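Only one structure is covered here, and it is reproduced in the block below.
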Amino acid sequence: MNHYQFTIVVRDAHAELIDLEDQFFEAGCDDALLCRYNDTVYLEFDREAESAVIAIRSALNDIKKLGFSDLIVEEKGFSTLSEMAERANLSRQVLSLYALNKRGDGHFPKPMYGLTSKSAMYSWPEVATWLFHQGKLDKAQYDVANAHL
């Protein structure tokens, strides 16, 4: 069994719901930390399973038992370099050097969008794959980012 860390945003949950923590616990999310940011509810999981796919699917199913359906696995989407650096336990500066192809193999993934924004957005699965092949990301994080759900 391996441990997989991932975050699921529960977009149709409301931060002011009473006993939300107990409800998630009783539904099987006893390995998650319930968090709130403004009106957004999300769970940070540390789940043990045979594979990342099994870990994430079982967490999604546990949340769905409560009637929630607007769920986002954070590690499957887009992120800024700062967010990805934190996930990979690297400094923002080091990841910027990789993105500028001043370090690494020169094939860092291209930004997905962000042409009008000051912060470019990157596909975390693409960057996680690149970091894994560079020896900068552990296998569990790579597996979560590339889990086909």
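What follows draws every value from the coordinates through simple rules; no lab data is involved. This one's a predicted model, so the numbers in the text were calculated from it and none came from an experiment. With ideal geometry, Cβ positions are generated from the backbone for all residues, glycine too; neighbour counts draw on all protein chains shown.
Of the residues Arg57, Arg92, Arg87, only one is among the charged types (D, E, K, R), over 12 Å from the mean Cα position of the chain (by Cα) and closer than 28 Å to Ala27 by Cβ; which?
Arg57
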Residue pairs within 6 Å by beta carbon, gap of at least six or interchain, first lying in segment 1-25 and outside any strand (DSSP E or B), second surrounded by 15 or more Cβ atoms within 10 Å (Cβ to Cβ) and not small (Gly, Ala, Ser), listed first then second, are Asp12/Phe68; Ala13/Val41; Ala13/Phe68; Ala15/Val41; Glu21/Leu34; Gln23/Leu66; Phe24/Leu34
Scanning segment 28-43 residue by residue, those surrounded by 17 or more Cβ atoms within 10 Å (Cβ to Cβ) and farther than 12 Å from Ala59 by Cβ turn out to be Leu34, Val41
### Query
Do we have any residue at all in segment 28-40 that's in a helix (DSSP H, G or I) and acidic (Asp, Glu)?
no
When every residue in segment 59-71 that is touching a Lys or Arg at 6+ places or on another chain (Cβ under 8 Å) and crowded, with 16+ Cβ neighbours inside 10 Å is compared, the one farthest from Met1 (Cα to Cα) is Leu71
Of (1) under 23 Å from Met112 (Cβ atoms); (2) of a type in the set (Lys, Arg); (3) in contact with a helix residue (DSSP H, G or I) (Cβ under 7 Å, 6 or more places away or on another chain), Arg47 fails just (1)
